[in-house]
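Report on the following structure.
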Amino acid sequence: MIIAKVISRVVASARLDSIPNRPLLCVQPEPGFGDQTPLVAIDTVQAGPGDTVLVLQEGTGARQAVLDDPTQPLPAQMVIVGIVDQVHTIFD
């Protein structure tokens, strides 16, 4: 899981039938959560630009969050599963 900031919405006029009909958002991982390269994620929580979100990366959890039948393949790696209200960190 990573914490990221939503940068913008992604408009896709055509997509694979196997990708659920859900919004796509461009997110950028927060410092401390890996490379700062923006990523595209499937939105399951109605997040929007400026929101801080919790993102699942691949695996069964991502399929369960998006698909009606999680035994089916999901041709996507990133799924937004929560909007983060606060993050408390302890740094030296």
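A short reminder: the numbers here are calculations on the coordinates, not readings from a lab. Note that the structure is a prediction, hence the values are computed from the model and not measured. Positions of Cβ are backbone-derived with ideal geometry, glycine not excepted, and every protein chain shown enters the neighbour counts.
Peptide packing for 53-59, 76-82, 19-25 was compared via the average number of neighbouring C-beta atoms within 10 Å per residue; ordered from the highest value, the list is 76-82, 53-59, 19-25.
Report the trypsin sites (Lys or Arg not before Pro) located in the range 4-41 that are in a DSSP loop and have at most 14 other Cβ atoms inside 10 Å of their Cβ, or state none. Filter output for the range 4-41: ARG15. Which part of the range 35-51 falls in the paramagnetic zone of ALA12, meaning amide N under 11 Å from the point 7 Å along Cα-to-beta-carbon? So the set is 40-43.
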